[in-house]
1. Take the range C:26-105, drop everything but the C-alpha atoms, weight them equally and run the Debye formula without solvent; then report log10 I(q)/I(0) at 0.12, 0.16, 0.18, 0.23 Å⁻¹ to two decimals.
2. Any idea what Rg and Dmax come out to for the range B:247-363 if you just take the C-alpha atoms, in Å?
3. Divide the volume of the convex hull of the Cα atoms of the range A:224-310 by its number of residues and quote the answer in cubic angstrom per residue.
4. Tally Lys/Arg at +1 and Asp/Glu at -1 over every other residue whose Cβ is under 12 Å from the Cβ of C:Ala106; what's the total?
5. Would you be so kind as to list the residues of the range C:43-62 that have their accessible area lowered by at least 30 Å² in the full protein complex compared with their chain by itself (1.4 Å probe)?
6. Determine the residues within the range B:66-107 where the difference in accessible area between the chain on its own and the full set of protein chains amounts to at least 40 Å²; count protein heavy atoms only and use a 1.4 Å probe.
7. Give the cross-link partners of A:Lys296 among the aspartates and glutamates, using a straight C-alpha distance below 16 Å as the criterion and excluding same-chain residues fewer than 8 apart.
8. Based on alpha-carbon centroids, what's the gap between the range A:140-197 and the range B:56-115 in Å, whole number please?
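The values are calculated or read from the model by the stated rules, or taken from the named source; none is laboratory data. All of these numbers come straight from a predicted model, not from anything done at the bench. Heads up, the Cβs are rebuilt from the backbone with ideal geometry, glycines too, and the neighbour counts pull from every protein chain shown. Note: areas computed on protein heavy atoms with side chains; ligands, DNA, RNA excluded. Shrake-Rupley method; radii C 1.70, N 1.55, O 1.52, S 1.80 Å.
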Amino acid sequence: MGNVKIQGLAAGAVLTLGVLAASQHAAAEGSLALLTWEGYSDDLVVAPFTEKTGCVVEPTYVSSNDEIIAKTLASGSATIDLVSPSNDATMTLIDAGAVEPIDKSKLPHLADYFPVFQSPSWLVKDNDLYGVPYGYGFLRLVLDSNVIPDAPASVSVLWDERLKGKLAMWDNLETLYVAARYIGVKDVYNMTDEELQKTRDALIALKPNIRKFWTSDAEFQQLYMQKEVVGGNTTELAVSGLWAQSADSLKEVLPQEGSGGWSDSWMIVKGASENPCVYAWLDWISSPESQALASKLTGYAFANAKSFDMLEPEALALLTKLGTGDPEVQKSISWWQPVPRRGAYLEIWNQVKAETAQ
Amino acid sequence: MSATISLQNLRKTFGDGQSGHLAVDDVSLEIAAGQFVSLLGSSGCGKTTTLRIVAGLESPTSGRVLFDGADITHLPASHRDMRMMFQDLALFPHMSVEENVAFGLRLKRMRGKLSADEIRRRVATYLDIVRLGEMRKRMPHQLSGGQRQRVALARALATEPPVVLFDEPLGALDASLRRSTQAELKRIHRELGKTFIYVTHDQDEALSMSDMVAVMSGGRLIQYDTPEGIYERPRTRFVAQFIGAKNLISARVEKVTGSEVLLRLADGTHLGAHAEESLVPGQEVTAVFRADRALMQVNGYTDASLVSGIHVQSMFLGNRMEHIVRLVDGSEVTIHDAQARPLPGDGGPLQFALRPQHVQILTK
Amino acid sequence: MTVQADILTENAPDMRRIERRRALFWLLPPILWFVGFMLVPYAITLFYSFGRMDYVQFVAGFSLDNYVKVLTVQPYAGLILRSAKIGLLTAFWSTLLAYPVAIAMAFYLSSECAKHILYILVILPWWASYLVKAYAWKTILGTHGLLNEGLIWLGVIDEPLTVFLYNDFSIILTLTYIFTPFAVLSIYAQLERLPLSLIEAARDLGATGWETFIKVIWPISIPGVLAGGVITFSLGFGDFIAPALLGGADSIMISSVVISLLGVANDRPLAAAIGVAIILMAMALLTVSQYLEKRTQVRL
Ligand SMILES: Nc1ncnc2c1ncn2[C@@H]1O[C@H](COP(=O)(O)OP(=O)(O)O)[C@@H](O)[C@H]1O
Ligand SMILES: [Mg+2]
């Protein structure tokens, strides 16, 4: 495990902080160290939990799944109790033995979860469940129906010549997956070299239509509202935001090839289940009450089906319009998986971006 | 080749309107072709500004500059047939000695007039004149102060302008180098026969080198005269003091005959004097004379007047004796005795004689 | 004599010891700075560049594979060149814009007050964040931005043009806008050293304005131009914000790739190798420009 040490060295400052945190953690009875996204440990969700259980929550924010993986592998349960990675990172932690299986009997709310989150492939190994699904969403394909009134239910519409210079695509491997689905790749998360090359060609053919690669929901909304683009692939939040700004002609295309889906899960760092606050937290965040609060806060949908019933009417209407809570739609989603050859994928992706559009 | 320069009622105000500073105040000056003219005055009196107006680096607020009779007041510096040697020399630091000297010869204005060979020859000639032939490949920072000075001079001369302007070019040199460079400048002036206009605050330098000296003060031209004229006949108290004539005597005009004036001193004795301006009897004036013009041998002159006083003290200065004498009105004057004869003790009465042409009446 | 001997035996201050302590006092901060901010990070980067990733874990080693990849596999070498091109264009336009401003500041603003105002105007944009400025350019260059609206209003065009934004033009324009002050200040710092009398001397010797510029001002200003050029080139070369905000589909630069290697692929070794390659390039560039600056610097 010499490698782990090296990684720890590089993150020297983090390590020092970690040691500090660890000593604090040991001292304060009933505290809980989270390694998570900023939106997931807001007071709105945390305060009722602390009130109920007396557990003090100490969150550390991360900005990428890699950060979660690196920090979890480097410091383990000494400094972290729970992590909340996405579905393209969960299996990495499971395979590395860095997280422990969930004792479902302690979490009654799991029974209320949507079927697709009961035992998702990205959390199950040897019949053990390794995480509690939390927020989730699908990637969306949207186009201005004034420009493309006759959009077919297929990603192929992106390659339509009428969209020349009018698309904003996500600067993310998801866009690579879109092209892979377009050319008929079966398992977009495990592509062969040949499939990758074909995907690359398809993306290069798409480039003339791409005006901008976007990097945030806000950017996509701006690009659309300022009429720089007429559509592209984007997130639910961006779509609902645009609809709220009365972008009525913006219509969702439901591609037969499927769309990517992301799902975050809370996972217990190996050894942390001794901390009584861990299951208390998992119980709280799997409850419909807490998930409704989190949904109000983040705008995302959450895995407990009953949480939908507690949403405000407008929020529910929006998620219904988007089909986010529809179990049938959920089943058709191409849920993200860890990509073993991420380096090769990224290289292709960067090659595509470096290629000059014709 | 040389030219006449004529300055007519030059005025220069820096800044604007009321708050403006009048640096040059109504200066008119005729400079004959081939003359060596010095602008002399203490720091801040407007010498540089006047020179820069002549060079075209500054435009006058009013007045005209004539070059051989032609009005060049508004001609750009680059088009004037004159070169300036700057106070800070302004050598081009990125060019060798040779390139500095050739600078003016290689410009567009000169194109077609000089072949590359001629330029080389010309540079060599002027480097020889300033005795810098050996140094032609050096960069300015590799030269001593005196050598830099000579590069600047060669650069100004190389284009063979009829008029050369100097702004205190020797300011930074030590005394002996200064003196030898003065001699060299004088020699070059004689050999080339150009019109030189030379700014300095050093009266010895101005008097020893120039054909004409223009004394300035507070932006005004006070006196324009030959060195002898300035030396012998300072017209104002300022000029007198500036050139080191300290012996001032208050008197009243008694009689005026042309430029001959008879003064009456406080003790009632008479003193013959010389005046440039017309005076009227009864007028209160100040007369000045130089210490070395006092005659200790008081007898035997028909044209000299006697001045009496009390001997205060004497100093032996090697080649002469300096006596301080208190006159009846209480003022003290200094007189020199070239024969360095000792006087019979302090405190006694003392007489000396002055010729009228050596007693100058000051107008201000 | 005896008195002095006494003084020497009592803890008299020793000049040499004081000097040594003083030298240490002044040398320590730069040494700490150099070690902490340069040597250690560079050493870590170098160390990573020779290793490889095994899944999400780093494996130390000594392999040149990453360097071979940087040089032979697209898009790395190509993007380094592309970034260098963007950097060069940024440096070129910044210098072109900065030069007249520096000249004006150095020679044509006689009043200290006017000079001060221009100086503040030049550095004023630095008080706004980079992002704000980049967004400002978006609103100017956009399809329905100020520029298009203005051109339509003037009747120059009927339909808004999309060529102003989301391409290399908008990147270089923004980088030039943001980094020009660096060029202004370094050229100005050099021109300020140039005595006004040199210009007057040139004019006095008969030089036209152009000749004065070409033969006197320009050669003396070269070190400042080089220094400004190196700064603006480096800033342009390493930028990733402008391509992300204002670049188009093809506007990726090498820094963005490094970021994605770290953030998406978690390929630290390859990212480190690109970093080392760029550091080497920068060192070569600085050596050349320092040599040229020395060559062209004049003693005034
Ligand atoms: N560019 C200028 N702006 C304002 N005042 C100036 C300027 N040049 C000279 N002066 C002022 O004009 C007066 C005369 O200056 P100058 O001609 O340089 O004197 P000199 O050369 O006799 O020492 C001085 O009081 C000086 O301060
Ligand atoms: Mg002066």
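1. Relative scattering, expressed as log10 I(q)/I(0), comes to -0.69, -0.89, -0.92, -1.01.
2. Using the Cα atoms of the range B:247-363, the pair Rg, Dmax is 14.2, 43 Å.
3. Considering the Cα atoms of the range A:224-310, their hull volume per residue is 153 Å³.
4. +1
5. Residues of the range C:43-62 that lose at least 30 Å² of accessible area once the other chains are added: C:Tyr48, C:Tyr55, C:Val56, C:Gln57, C:Phe58.
6. Checking the loss per residue gives B:Ser78, B:Arg83, B:Phe86, B:Phe92, B:Pro93, B:His94, B:Phe103, B:Leu107.
7. A:Glu38, A:Asp42, A:Asp43, A:Glu236, A:Asp309, A:Glu312, A:Glu314
8. 72
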